[in-house]
(Lines give C-alpha, C1' and ligand atoms only; values in the text may rest on other atoms or scores of the structure.)
Protein backbone atom coordinates (compact mmCIF):
# COMPACT_ATOMS: atom_id res chain seq x y z
CA UNK A 1 0.00 0.00 0.00
CA UNK A 2 1.36 3.43 -0.87
CA UNK A 3 2.25 5.70 1.99
CA UNK A 4 -0.54 7.94 3.13
CA UNK A 5 0.28 11.53 3.99
CA UNK A 6 -1.68 12.16 7.15
CA UNK A 7 -2.97 15.64 7.90
CA UNK A 8 -4.05 15.34 11.51
CA UNK A 9 -6.35 18.12 12.56
CA UNK A 10 -5.21 19.55 15.87
CA UNK A 11 -7.43 21.82 17.86
CA UNK A 12 -5.56 23.47 20.71
CA UNK A 13 -7.23 24.98 23.73
CA UNK A 14 -10.84 24.68 22.60
CA UNK A 15 -11.60 21.05 23.29
CA UNK A 16 -14.33 21.13 25.88
CA UNK A 17 -17.65 19.37 25.80
CA UNK A 18 -19.42 22.68 25.33
CA UNK A 19 -17.36 23.81 22.36
CA UNK A 20 -17.39 20.42 20.72
CA UNK A 21 -21.09 19.84 21.06
CA UNK A 22 -22.46 23.32 20.99
CA UNK A 23 -25.76 24.51 19.61
CA UNK A 24 -28.80 22.39 20.45
CA UNK A 25 -26.73 19.52 21.83
CA UNK A 26 -26.29 19.72 25.58
CA UNK A 27 -22.71 19.01 26.61
CA UNK A 28 -23.83 18.51 30.22
CA UNK A 29 -25.59 15.31 29.15
CA UNK A 30 -22.98 12.70 29.95
CA UNK A 31 -23.46 8.97 30.46
CA UNK A 32 -21.47 5.80 30.06
CA UNK A 33 -18.67 5.74 27.48
CA UNK A 34 -19.22 3.77 24.29
CA UNK A 35 -18.44 0.08 23.97
CA UNK A 36 -17.91 -0.24 20.23
CA UNK A 37 -15.19 -2.82 19.66
CA UNK A 38 -14.07 -5.31 17.03
CA UNK A 39 -11.96 -8.46 17.26
CA UNK A 40 -11.32 -10.11 20.61
CA UNK A 41 -13.19 -8.72 23.59
CA UNK A 42 -10.25 -9.63 25.85
CA UNK A 43 -7.45 -9.19 23.36
CA UNK A 44 -3.74 -9.53 24.01
CA UNK A 45 -3.67 -5.75 23.52
CA UNK A 46 -6.26 -3.03 22.95
CA UNK A 47 -6.00 -0.51 20.11
CA UNK A 48 -8.21 2.52 20.67
CA UNK A 49 -8.99 5.17 18.07
CA UNK A 50 -10.48 8.57 18.93
CA UNK A 51 -12.00 9.78 15.69
CA UNK A 52 -14.30 12.28 14.03
CA UNK A 53 -16.44 10.95 11.18
CA UNK A 54 -16.14 14.25 9.28
CA UNK A 55 -12.36 14.45 9.68
CA UNK A 56 -10.59 13.95 6.31
CA UNK A 57 -7.53 12.43 7.98
CA UNK A 58 -9.75 9.88 9.76
CA UNK A 59 -11.33 8.94 6.43
CA UNK A 60 -7.85 8.61 4.97
CA UNK A 61 -6.90 6.22 7.76
CA UNK A 62 -10.15 4.25 7.44
CA UNK A 63 -9.05 1.66 4.80
CA UNK A 64 -5.73 1.18 6.59
CA UNK A 65 -7.47 0.52 9.92
CA UNK A 66 -9.85 -1.86 8.16
CA UNK A 67 -6.93 -3.98 7.02
CA UNK A 68 -5.13 -4.16 10.35
CA UNK A 69 -8.42 -4.95 12.10
CA UNK A 70 -8.86 -8.00 9.90
CA UNK A 71 -5.22 -8.98 10.20
CA UNK A 72 -5.21 -8.96 14.00
CA UNK A 73 -8.86 -9.68 14.85
CA UNK A 74 -7.94 -12.94 16.60
CA UNK A 75 -5.57 -11.20 19.03
CA UNK A 76 -6.55 -7.56 19.38
CA UNK A 77 -9.49 -5.60 20.71
CA UNK A 78 -10.02 -2.59 18.44
CA UNK A 79 -12.07 0.22 19.98
CA UNK A 80 -13.67 3.25 18.35
CA UNK A 81 -14.30 6.31 20.49
CA UNK A 82 -16.44 9.29 19.45
CA UNK A 83 -14.56 12.58 19.21
CA UNK A 84 -16.47 14.99 16.93
CA UNK A 85 -14.80 18.35 16.40
CA UNK A 86 -17.88 20.35 15.49
CA UNK A 87 -16.11 23.69 15.69
CA UNK A 88 -14.71 22.78 12.27
CA UNK A 89 -16.99 19.86 11.31
CA UNK A 90 -20.63 20.94 11.80
CA UNK A 91 -22.11 17.65 10.58
CA UNK A 92 -19.89 15.45 12.74
CA UNK A 93 -22.22 15.09 15.71
CA UNK A 94 -25.07 13.92 13.47
CA UNK A 95 -22.80 11.25 12.04
CA UNK A 96 -21.74 10.09 15.49
CA UNK A 97 -25.36 10.03 16.63
CA UNK A 98 -26.22 7.83 13.65
CA UNK A 99 -23.38 5.42 14.37
CA UNK A 100 -24.26 5.14 18.05
CA UNK A 101 -27.91 4.55 17.17
CA UNK A 102 -26.80 1.74 14.85
CA UNK A 103 -24.76 0.32 17.73
CA UNK A 104 -28.01 -0.10 19.67
CA UNK A 105 -29.06 -2.56 16.96
CA UNK A 106 -25.72 -4.37 16.81
CA UNK A 107 -24.60 -2.70 13.57
CA UNK A 108 -22.15 -0.05 14.67
CA UNK A 109 -19.38 -1.18 12.34
CA UNK A 110 -21.68 -1.42 9.33
CA UNK A 111 -22.76 2.18 9.90
CA UNK A 112 -19.20 3.25 10.72
CA UNK A 113 -18.00 1.90 7.39
CA UNK A 114 -20.72 3.38 5.22
CA UNK A 115 -20.33 6.80 6.89
CA UNK A 116 -16.62 6.89 6.10
CA UNK A 117 -17.07 5.47 2.61
CA UNK A 118 -19.48 8.29 1.79
CA UNK A 119 -17.91 11.12 3.76
CA UNK A 120 -17.84 13.51 0.80
CA UNK A 121 -21.56 12.95 0.24
CA UNK A 122 -22.86 14.02 3.64
CA UNK A 123 -20.11 16.26 5.00
CA UNK A 124 -21.15 19.27 2.93
CA UNK A 125 -24.89 18.73 3.28
CA UNK A 126 -26.94 21.43 4.99
CA UNK A 127 -29.14 18.72 6.50
CA UNK A 128 -27.43 15.30 6.55
CA UNK A 129 -30.15 13.57 8.59
CA UNK A 130 -31.88 12.16 5.52
CA UNK A 131 -28.58 10.81 4.20
CA UNK A 132 -27.90 8.97 7.45
CA UNK A 133 -31.41 7.54 7.32
CA UNK A 134 -30.63 6.18 3.85
CA UNK A 135 -27.48 4.59 5.27
CA UNK A 136 -29.55 3.06 8.08
CA UNK A 137 -31.88 1.51 5.54
CA UNK A 138 -28.93 0.15 3.57
CA UNK A 139 -27.50 -1.64 6.59
CA UNK A 140 -30.90 -3.05 7.52
CA UNK A 141 -31.83 -1.14 10.66
CA UNK A 142 -35.26 -0.82 12.23
CA UNK A 143 -35.94 2.69 11.01
CA UNK A 144 -38.37 3.78 13.72
CA UNK A 145 -35.90 2.78 16.41
CA UNK A 146 -32.99 4.32 14.53
CA UNK A 147 -34.71 7.69 14.22
CA UNK A 148 -35.64 7.71 17.90
CA UNK A 149 -32.23 6.58 19.10
CA UNK A 150 -30.17 8.89 16.89
CA UNK A 151 -32.10 11.92 18.16
CA UNK A 152 -32.05 10.83 21.78
CA UNK A 153 -30.21 12.33 24.74
CA UNK A 154 -28.85 8.82 25.39
CA UNK A 155 -26.84 8.87 22.16
CA UNK A 156 -25.49 12.30 23.00
CA UNK A 157 -24.59 11.16 26.51
CA UNK A 158 -22.44 8.36 25.11
CA UNK A 159 -20.70 10.73 22.69
CA UNK A 160 -20.06 13.25 25.47
CA UNK A 161 -18.67 10.51 27.72
CA UNK A 162 -16.17 9.54 25.02
CA UNK A 163 -15.16 13.18 24.58
CA UNK A 164 -14.63 13.52 28.32
CA UNK A 165 -12.44 10.41 28.36
CA UNK A 166 -10.47 11.73 25.40
CA UNK A 167 -9.94 15.06 27.14
CA UNK A 168 -8.60 13.23 30.18
CA UNK A 169 -6.12 11.48 27.88
CA UNK A 170 -5.07 14.81 26.32
CA UNK A 171 -6.53 14.00 22.92
CA UNK A 172 -6.24 17.18 20.85
CA UNK A 173 -6.94 16.06 17.30
CA UNK A 174 -8.19 13.21 15.19
CA UNK A 175 -7.37 10.49 14.56
CA UNK A 176 -5.55 9.71 17.80
CA UNK A 177 -4.55 6.12 18.48
CA UNK A 178 -3.63 4.41 21.73
CA UNK A 179 -2.21 0.95 22.37
CA UNK A 180 -3.12 -0.22 25.87
CA UNK A 181 -3.57 3.39 26.90
CA UNK A 182 -0.26 4.63 25.48
CA UNK A 183 -0.66 7.20 22.73
CA UNK A 184 0.98 6.76 19.34
CA UNK A 185 2.65 10.15 19.20
CA UNK A 186 3.32 10.29 15.45
CA UNK A 187 0.57 9.01 13.17
CA UNK A 188 2.96 9.20 10.23
CA UNK A 189 4.79 6.29 11.87
CA UNK A 190 1.71 4.12 11.22
CA UNK A 191 0.74 5.61 7.85
CA UNK A 192 0.95 2.32 5.95
CA UNK A 193 -0.56 -1.07 6.68
CA UNK A 194 2.93 -2.52 7.05
CA UNK A 195 4.02 0.17 9.52
CA UNK A 196 0.84 -0.07 11.60
CA UNK A 197 1.07 -3.88 11.59
CA UNK A 198 4.64 -3.77 12.88
CA UNK A 199 3.66 -1.46 15.74
CA UNK A 200 0.75 -3.70 16.72
CA UNK A 201 2.80 -6.89 16.45
CA UNK A 202 5.58 -5.38 18.57
CA UNK A 203 3.02 -4.52 21.27
CA UNK A 204 1.60 -8.06 21.13
CA UNK A 205 5.07 -9.57 21.39
CA UNK A 206 5.96 -7.32 24.30
CA UNK A 207 2.81 -8.27 26.18
CA UNK A 208 3.17 -11.98 25.52
CA UNK A 209 6.82 -11.96 26.60
CA UNK A 210 6.11 -10.11 29.84
CA UNK A 211 6.43 -12.51 32.81
CA UNK A 212 3.26 -13.05 34.79
CA UNK A 213 3.26 -11.30 38.20
CA UNK A 214 4.08 -13.48 41.17
CA UNK A 215 2.63 -13.26 44.64
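Which of the following residues is on the phi < 0 side of the Ramachandran plot and either loosely packed, with under 13 Cβ neighbours inside 10 Å or part of a loop (DSSP other than H, G, I, E, B) (or both): 210, 165?
210
Please determine, by comparing only the residues of the range 183-199 that are part of a helix (DSSP H, G or I) and touching a strand residue (DSSP E or B) at 6+ places or on another chain (Cβ under 9 Å), which one is surrounded by the fewest Cβ atoms within 10 Å (Cβ to Cβ).
So the residue we want is 199.
Looking only at residues in the range 43-56 that are assigned to a loop (DSSP other than H, G, I, E, B) and out of contact with any strand residue (DSSP E or B) (no Cβ under 7 Å at 6 or more places or on another chain), which one is nearest to residue 70 (Cα to Cα)?
Residues of the range 43-56 assigned to a loop (DSSP other than H, G, I, E, B): 43-44, 52-55.
Imposing the further condition that a residue be out of contact with any strand residue (DSSP E or B) (no Cβ under 7 Å at 6 or more places or on another chain) reduces the set to 53-54.
Working: 53: 20, 54: 23 Å.
Checking each candidate, the answer is 53.
Scanning the range 92-111 for residues that are in contact with a helix residue (DSSP H, G or I) (Cβ under 9 Å, 6 or more places away or on another chain) and surrounded by fewer than 22 Cβ atoms within 10 Å (Cβ to Cβ), which turns out farthest from residue 144 (Cα to Cα)?
So, considering only residues that are in contact with a helix residue (DSSP H, G or I) (Cβ under 9 Å, 6 or more places away or on another chain) and surrounded by fewer than 22 Cβ atoms within 10 Å (Cβ to Cβ), the one farthest from residue 144 (Cα to Cα) is 109.
Within the range 89-117, how many residues turn out to be under 13 Å from residue 131 (Cβ atoms) and assigned to a loop (DSSP other than H, G, I, E, B)?
1
Kindly indicate whether residue 67 is at pLDDT 95 or above, touching a helix residue (DSSP H, G or I) at 6+ places or on another chain (Cβ under 7 Å), more than 21 Å from residue 182 (Cβ to Cβ) and not in a helix (DSSP H, G or I).
Spelling it out, it is not the case that residue 67 is at pLDDT 95 or above, touching a helix residue (DSSP H, G or I) at 6+ places or on another chain (Cβ under 7 Å), more than 21 Å from residue 182 (Cβ to Cβ) and not in a helix (DSSP H, G or I).
From the residues in the range 118-146 that are outside any loop (DSSP other than H, G, I, E, B) and touching a residue at least 40 places away in the same chain (Cβ under 8 Å), which one is nearest to residue 66 (Cα to Cα)?
Across the range 118-146, the extreme among qualifying residues is 119.
Does residue 171 fit the bill of being within 30 Å of residue 197 (Cβ to Cβ) and in contact with a helix residue (DSSP H, G or I) (Cβ under 9 Å, 6 or more places away or on another chain)?
Yes.
The values are calculated or read from the model by the stated rules, or taken from the named source; none is laboratory data. Given the structure is predicted, the values throughout are model-derived calculations rather than measurements. All Cβ positions, even for glycine, are placed from backbone atoms using ideal geometry, and neighbour counts span all protein chains on display.
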